[in-house]
Amino acid sequence: NKSFSVELALTDDQQALGLGERDSLAKNAGMLFVFKPARTSTFWMKDMRFNLDIVWIFEGKIVDISRNVPAPKSDTKPENMPTYSPKTEIDNVLEINAGQADGMKIGDRVEIVNSSQV
């Protein structure tokens, strides 16, 4: 029973930048990446300045969670950054502040409201 106000990342450019180059994210805020059609996807933390929880979603259910994904050190070269992927294909990814996925689990239902773009 958590609620987040999210920005949508719909285009390739929006998804490539994600939350990169920002200093912080408001509490109960996030970014929702929308993938049509569903796919397997790999994320990295390029240009991130704070830790995240990454919630991987398929057909309205959580299918995986990457918790407390660390922002890279400023001297980390892109080719040395770790990548993060779900165990299955996804159609949405929710990035939120680290720790805000506490209490969420695989199989939990996700409802996206007030958006005609998702």
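Please sort by residue number the trypsin sites (Lys or Arg not before Pro) in region 63-99 whose DSSP state is loop and whose Cβ has at most 14 other Cβ atoms within 10 Å.
Answer in residue order: Lys73, Lys87.
Anything over 29 Å Cα to Cα? Flag those among Lys46/Lys87; Lys27/Lys87; Lys27/Lys61; Lys36/Lys73, in the order listed.
Lys36/Lys73
Heavy atoms only, probe 1.4 Å: what % of the accessible area of region 16-81 goes to carbon and sulfur, would you let me know?
Taking all protein chains in place, region 16-81 shows 47 percent carbon and sulfur surface.
Each label point is 7 Å from the Cα along the Cα-to-Cβ direction; what then is the distance between the points at Arg22 and Thr83, in nm?
Reported label-point gap for Arg22 and Thr83 is 2.4 nm.
Binning every alpha carbon pair distance of the chain at 10 Å from zero, what are the percents per bin?
Pair shares across the bins are 13, 50, 33, 4, 0.
Give me the accessible area per residue for the chain, probe 1.4 Å, as a whole number in Å².
Averaged over the residues of the chain, the accessible area is 61 Å².
Divide the volume of the convex hull of the Cα atoms of region 52-118 by its number of residues and quote the answer in cubic angstrom per residue.
116 Å³
Could you compute the FRET efficiency for Asp13 and Asn68, with r as their C-beta to C-beta distance and R0 at 41 Å, rounded to 0.05?
0.90
The values are calculated or read from the model by the stated rules, or taken from the named source; none is laboratory data. Note that the structure is a prediction, hence the values are computed from the model and not measured. Counting neighbours? That spans all protein chains shown, and the Cβs are built from the backbone with ideal geometry, glycine included. We work out accessible area using only protein heavy atoms, side chains counted, and drop any ligands, DNA or RNA first. Shrake-Rupley method; radii C 1.70, N 1.55, O 1.52, S 1.80 Å.
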